[in-house]
Amino acid sequence: MASTNSSLTFQVNRRDAVLVPPSESTPREFKRLSDIDDQEGLRFHIPVIQFYRYNPSMKNQDPCKVIRDAIAKTLVSYYPFAGRLREMPDGSRKLVVECTGEGVLFIEADADVRLEQFGDLLQPPFPCLGELLFDVPGSNGVLNSPLLLIQVTRLQCGGFIFALRLHHTMSDAQGLVQFMNTVAEMARGLPAPSIQPVWARELLEARSPPRPSFAHREYEEVPDTKGTIIPLDDMVHRSFFFGPKQIVALRKHVPLHLRNKTSTFEILTACLWKCRTIALSPDPEEEMRIICIVNARGTKSGLDIPEGYYGNAFAFPVAVATADKLSQNPLGYALSLVKKAKSEVNHEYMRSLADLMVLRGRPHFTVVRAYLVSDVTRAGFSDVDFGWGKALYGGPAKGGVGAIPGVASFFIPFRNAKGEDGIVIPVCLPGPAMEKFESELETLLTEAVKNADEQEKVIISAL
């Protein structure tokens, strides 16, 4: 069933943005980012939003003051966030953090709206997002700008909204959640972080001399000869919910020999890639790309990234296929390509990637006829507790973010109005393509369960 919260409007009264520095003196030094961190495709600010309900036990506590004080304490151990990015003058485009102790931007605000007015469908795209995470003029540059902007907005019901904008070169989702959890621990009165932050960006620096050993087609220079980069006008944002029924339906498309070896992420990624390709109607011979963000933490990669590391530790492996083959073949075709791309990421792949960044001047990943998906279902955004309990919603504020809007989607954990746990995926497409995307998705689901008594639509939120 389709629904929208676009009719909800409200007024937000903000105080002037202020800089919150560390609560104690911190080192003044330069710290190099890794050669994964400072690639062109991460040189942007990414928005996150958290919704918290009223908690009677916190009746006399002001979330703005509690969180602001906690940020200052957290910046003592995460002091690079209080600095500013600089670019090395040697022409290498290498980024370093000058740890100046200036602080992060903080906005205190009040909104004349109650949490329940957002309805049961508390997910991207959110109404009045620009009011809940205000873009302070001059604050969103790559260099010489604050690395974090945080706005806490009190609601009439006693709940509040915590919104944050992060310079992506500093952290990935796991690193950001680690920082947010530390702020939450300080807000709840803990004396020290439960996980100590680790910089160690040298772990993901290029070898000397650099020697890439993979093709890395995700960074190919692809000319946009037919104007296939998504236009920014007439963009539509919608979220799609995939619960147990939808996942079971999609698994029926998976070849028997892969059904027990395929993750939900892989199935959904293949599904979105196929439906999106059909919706965009490219020429049959054009190559389409799906880029999967694959975490390099843990034992599988062999990189021995320590607990507490909060830099970017992932790769962008890509699967490539012609539009004709993606559209005409069963879902298993796209699925096999996604699985093969993901399986490439290991210790050598990450070393090769860092080497490529240095040799190629830190390029942007390919965006021509490309689609990027990132799974944050295990990142833990909604578990962040500042003392008011877990978030009703926590995670990316919208899809389509990045240097090239419309290219990326996130997989976000979500519980719908029926109490079903599943995954919500914000998608950004031009208007006509969005309608076709929705139709193709419904067709794919219906084909798999055509004998079922009832088929639920998956689109649940739109602006």
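The values are calculated or read from the model by the stated rules, or taken from the named source; none is laboratory data. None of these values were measured; they are calculated from a predicted model. FYI the Cβ positions are ideal-geometry reconstructions off the backbone, even for glycines, and counts take in every protein chain you see. Protein only, heavy atoms only, side chains kept; ligands, DNA and RNA dropped before computing areas. Shrake-Rupley method; radii C 1.70, N 1.55, O 1.52, S 1.80 Å.
Just one of the listed residues (Gly130, Gly189) is among the small types (Gly, Ala, Ser), under 19 Å from the mean Cα position of the chain (by Cα) and surrounded by fewer than 20 Cβ atoms within 10 Å (Cβ to Cβ), and it is Gly130. Of the listed requirements (1) free of Cβ contacts under 8 Å to residues at least 60 places away in the same chain; (2) under 20 Å from Pro63 (Cα atoms), Gly141 misses just one: (2).
Scanning the stretch 55-74 for residues that are touching a Ser or Thr at 6+ places or on another chain (Cβ under 6 Å), basic (Lys, Arg) and more than 30 Å from Arg238 (Cα to Cα) turns up at least one hit.
Lys390 meets the stated requirement of being open to solvent by 50 Å² or more (accessible area, probe 1.4 Å), modelled with pLDDT of 95 or more and more than 26 Å from Val294 (Cα to Cα). Scan Arg53, Arg68 and give me the residue that is over 26 Å from Pro21 (Cβ atoms), under 26 Å from the mean Cα position of the chain (by Cα), of a type outside the set (A, V, I, L, M) and open to solvent by 40 Å² or more (accessible area, probe 1.4 Å). Answer to the selection: Arg53. The sole residue among Gly308, Gly302 that is farther than 25 Å from Glu220 by Cα, open to solvent by less than 10 Å² (accessible area, probe 1.4 Å) and among the small types (Gly, Ala, Ser) is Gly308. Pairs linking a residue in the stretch 350-367 that is farther than 16 Å from Gly311 by Cβ to a residue that is surrounded by fewer than 22 Cβ atoms within 10 Å (Cβ to Cβ) and among the acidic types (Asp, Glu), with Cβ atoms under 8 Å and 6 or more positions apart or on different chains, are Pro363/Glu40; Pro363/Glu221; His364/Glu40; Thr366/Glu220; Thr366/Glu221.
Within the stretch 89-109, does at least one residue satisfy the condition of being among the charged types (D, E, K, R), open to solvent by less than 60 Å² (accessible area, probe 1.4 Å), within 18 Å of Pro146 (Cβ to Cβ) and under 22 Å from the mean Cα position of the chain (by Cα)? There is no residue in the stretch 89-109 that is among the charged types (D, E, K, R), open to solvent by less than 60 Å² (accessible area, probe 1.4 Å), within 18 Å of Pro146 (Cβ to Cβ) and under 22 Å from the mean Cα position of the chain (by Cα).
Return the residues of the stretch 23-50 that are open to solvent by less than 90 Å² (accessible area, probe 1.4 Å) and basic (Lys, Arg); say none if nothing qualifies.
Within the stretch 23-50, Lys31, Arg43 meet the criteria.
Going by the structure shown, is Pro137 surrounded by fewer than 16 Cβ atoms within 10 Å (Cβ to Cβ) and either assigned to a loop (DSSP other than H, G, I, E, B) or over 24 Å from the mean Cα position of the chain (by Cα) (or both)? Against the criterion (surrounded by fewer than 16 Cβ atoms within 10 Å (Cβ to Cβ) and either assigned to a loop (DSSP other than H, G, I, E, B) or over 24 Å from the mean Cα position of the chain (by Cα) (or both)), Pro137 qualifies.
Residues checked against (1) open to solvent by less than 30 Å² (accessible area, probe 1.4 Å); (2) more than 20 Å from Phe265 (Cα to Cα); (3) at pLDDT below 90; (4) in contact with a Ser or Thr (Cβ under 8 Å, 6 or more places away or on another chain):
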position	(1), (2), (3), (4)
Gly395	yes, no, no, yes
Gly400	yes, no, yes, yes
Ile404	no, yes, yes, no
Ser409	yes, no, no, yes
Pro413	no, no, no, yes
Ala417	no, yes, yes, no
Val424	yes, no, no, yes
Leu429	yes, yes, no, no
Met434	yes, yes, no, no
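Selection of the stretch 252-280 for residues being at pLDDT 95 or above and either basic (Lys, Arg) or more than 25 Å from the chain's Cα centre (by Cα) (or both) yields Lys274, Arg276.
Remark: pairs (first residue in the stretch 77-104, more than 18 Å from Ser139 (Cβ to Cβ); second residue open to solvent by less than 60 Å² (accessible area, probe 1.4 Å) and of a type in the set (Asp, Glu); Cβ separation under 7 Å; 6+ apart in sequence or on different chains) = Lys94/Asp38.
Every residue, every condition in (1) among the charged types (D, E, K, R); (2) in contact with a strand residue (DSSP E or B) (Cβ under 9 Å, 6 or more places away or on another chain); (3) modelled with pLDDT of 95 or more, yes or no:
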{"position": "Cys128", "(1), (2), (3)": "no, yes, no"}
{"position": "Thr153", "(1), (2), (3)": "no, yes, yes"}
{"position": "Ile161", "(1), (2), (3)": "no, yes, yes"}
{"position": "His168", "(1), (2), (3)": "no, yes, yes"}
{"position": "Glu185", "(1), (2), (3)": "yes, no, yes"}
{"position": "Pro193", "(1), (2), (3)": "no, no, yes"}
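Where strands (runs of 3 or more DSSP E) fall entirely within the stretch 70-124, those with at least 1 residues that are closer than 27 Å to Val12 by Cα and among the hydrophobic types (A, V, I, L, M, F, W, C) are at 104-111.
Of all the residues that make up the stretch 255-275, how many are within 21 Å of Met434 (Cβ to Cβ) and open to solvent by less than 10 Å² (accessible area, probe 1.4 Å)?
7
Selection of the stretch 178-228 for residues being within 18 Å of His347 (Cβ to Cβ), touching a residue at least 60 places away in the same chain (Cβ under 8 Å) and of a type in the set (S, T, N, Q) yields only Ser213. The criterion of being open to solvent by 50 Å² or more (accessible area, probe 1.4 Å) and more than 27 Å from Arg362 (Cβ to Cβ) holds for Pro330.
For Ala315, the conditions (1) under 27 Å from Arg211 (Cβ atoms); (2) at pLDDT below 95 are fulfilled apart from (2).
Close contacts from the stretch 370-392, counting a first residue that is without any contact (Cβ under 8 Å) to a residue 24 or more places away in the chain and a second that is assigned to a helix (DSSP H, G or I), with Cβ to Cβ under 7 Å and a gap of 6+ residues or different chains, come to Lys390/Ser382; Lys390/Asp383.
The number of residues in the stretch 155-202 being of a type outside the set (S, T, N, Q) and part of a helix (DSSP H, G or I) comes to 13.
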